[in-house]
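The values are calculated or read from the model by the stated rules, or taken from the named source; none is laboratory data. Just so it is clear, the structure is predicted and the values come from calculations on it, not from any experiment. Every residue, glycine among them, receives a Cβ derived from its backbone with ideal geometry; neighbour counts consider all protein chains shown. Accessible surface is based on the protein model in full, side chains and every heavy atom, while ligands, DNA and RNA are left aside. Shrake-Rupley method; radii C 1.70, N 1.55, O 1.52, S 1.80 Å.
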Amino acid sequence: MPASFGNLLFITLGCAKNEVDTDRMRSLLTAAGYGEVTDVAQADAVLINTCSFLASATSESIECTLGLADEIAQGVRGCPIVMCGCVPSRYGSDLPETLPEVRAFVRTDEEDGIVAVVDGILGVTRAEPAFIPRVKRTVEGSVAYLKISDGCNRFCSFCAIPYIRGRYSSREASSILAEAAELLEGGVRELVLIGQDTGIWGNDFDAETPGPRTLAELLRAVAEVARPFGAWVRVLYLQPEGMTDELIATLRDVPEVLPYIDIPIQHCAARVLKEMNRTGSAAEFEALFDRLRREIPGMVIRSTALVGFPTETDEEFEELMGFLDRVGFDYTSVFAYSQEDGTRAARMEGQVDEETKIERAQAAQDLAEALGFAATASHVGERAQVIIDGIDETDEGPELIGHAWFQAPDSDGAVHLDATEACVGDIVEVEFTDSFCYELIGHVVG
Ligand code: SF4
């Protein structure tokens, strides 16, 4: 569609959930007659979709906004900035005074009305309402994130997400399956199901809600849609309690559903978990991960550890290190605790000093990398399916970049291949010949 009303620059900060939200706004605005540009000098307005998960992410969002405002101020044309997403959701009424550089603030629950906001800013009047597209997404490439829920009810004591994104709300299966079909018809070959807490998907449906009602049932239904396309289905962000017998059977038995799971544990010491308002213990988690590896061939596990939580003792930190070492996750993200406004943990006595937090985070990160690099190296000599994501220019010339089924896109490293071996978007069988850090080198064998 021609850009009748102006050109927009989209900037997305933060996680995959924000990318999905930006896709949706881009799709609505494109259908309404706006064009997209990649340079602020050509933009009539800029949309920044912000992250506020941590204080550092909020600062980055604000710095990015101020940097843009500065760039725009130095140019010859005025260009309004629209701030969307988590920062407006978290700090709403404080923002207009703090950030006069921003023309409009759009909370996450207001994003479906983005066309009216941009129309208003750019003075666009319409004889008829803007067209609402059937296709909700504008994904380039072979991988698409598919949001199955929003919000969270868990209220972990360190986390601001429930205050930013609101209560947990499962998206209806019919809408998820329709979007999955649209994405696959558009060329997507991997669907990554995301939400703040995917394991409880469907718990908030009432008795009359038709169709799948649990995550396992939903995965089976998405797999059926993906089957004719030879596509993969992956699920991320599942809390340990969400791992049911039915879900284990689905990960094991449904070929399209990858035997890969992202289960953030955050800690393993029962006392710390209780203070975090989470459940579980080292023994329970170890039993779960042993079972997953025993019952599901090739099972790949990613997790997250949070260190330096208020009152965490040296002994409890060492307990976590011992646990990580014993379990040996394939991939582990490590975070140092950050005191977030409005959360219970921010008000707790016994905050750990910054130096100790940084030391603990560095030690845990070193261990996570040692284990993760070894897990990556263990694939050398094996063969596996790889999706080709793109071409990269290196000092030695162009090379193909892809990801194997055991690597979640954007987070777990990549596979590097000779540029002549396949085309972007192909799914090919690759034999791995070498590794470095989380990266694998290989060649196509089928
Ligand atoms: S499960 Fe806990 S850490 Fe995750 S989004 Fe919900 S409250 Fe935050």
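Only residues that are touching a Gly at 6+ places or on another chain (Cβ under 9 Å) and not charged (D, E, K, R): list them for segment 381-403, please.
Answer for segment 381-403, where residues must be touching a Gly at 6+ places or on another chain (Cβ under 9 Å) and not charged (D, E, K, R): Ala384, Val386, Ile387, Ile388, Gly390, Leu400, Ile401, Gly402, His403.
In segment 103-120, which residue that is open to solvent by 10 Å² or more (accessible area, probe 1.4 Å) and outside any helix (DSSP H, G or I) is farthest from Gly342 (Cα to Cα)?
Arg103
Report the residue count in segment 318-348 for those that are open to solvent by less than 10 Å² (accessible area, probe 1.4 Å) and either free of Cβ contacts under 8 Å to residues at least 60 places away in the same chain or of a type in the set (A, V, I, L, M, F, W, C) (or both).
5
Specify the residue that is farthest from the chain's Cα centre (by Cα); the eligible residues are those in segment 226-250 that are among the aliphatic types (A, V, I, L, M) and farther than 22 Å from Val386 by Cα.
Ala249
Select from segment 250-290 the residues that are farther than 21 Å from Leu306 by Cβ and either open to solvent by 30 Å² or more (accessible area, probe 1.4 Å) or within 13 Å of the ligand (Cβ to nearest atom) (or both) and list them in ascending order.
Residues satisfying the conditions are Arg252, Asp253, Pro255, Ala287, Asp290.
Which of the residues that make up segment 33-56 are crowded, with 19+ Cβ neighbours inside 10 Å, touching a helix residue (DSSP H, G or I) at 6+ places or on another chain (Cβ under 8 Å) and at pLDDT below 90?
Across segment 33-56, the qualifying residues are Ser52, Phe53.
From the list Arg154, Arg189, Arg167, which residue is of a type outside the set (A, V, I, L, M, F, W, C), more than 16 Å from the ligand (Cβ to nearest atom) and either open to solvent by 20 Å² or more (accessible area, probe 1.4 Å) or modelled with pLDDT of 90 or more (or both)?
On the way: Arg154 fails: more than 16 Å from the ligand (Cβ to nearest atom); Arg167 fails: more than 16 Å from the ligand (Cβ to nearest atom).
None of the other options fit; the residue is Arg189.
What are the pairs, 6+ residues apart or on separate chains, where a residue within segment 78-92 that is among the charged types (D, E, K, R) has its Cβ under 7 Å from a residue that is surrounded by fewer than 21 Cβ atoms within 10 Å (Cβ to Cβ)?
Qualifying pairs under 7 Å: Arg90/Tyr163.
In segment 350-446, which strands (runs of 3 or more DSSP E) lie fully inside it and hold 1 or more residues that are in contact with a Lys or Arg (Cβ under 7 Å, 6 or more places away or on another chain)?
The qualifying strands (runs of 3 or more DSSP E) are 383-394, 427-436.
Residue check: is Ser61 farther than 16 Å from Arg103 by Cα, surrounded by 20 or more Cβ atoms within 10 Å (Cβ to Cβ), in contact with a helix residue (DSSP H, G or I) (Cβ under 7 Å, 6 or more places away or on another chain) and hydroxyl-bearing (Ser, Thr, Tyr)?
Spelling it out, it is not the case that Ser61 is farther than 16 Å from Arg103 by Cα, surrounded by 20 or more Cβ atoms within 10 Å (Cβ to Cβ), in contact with a helix residue (DSSP H, G or I) (Cβ under 7 Å, 6 or more places away or on another chain) and hydroxyl-bearing (Ser, Thr, Tyr).
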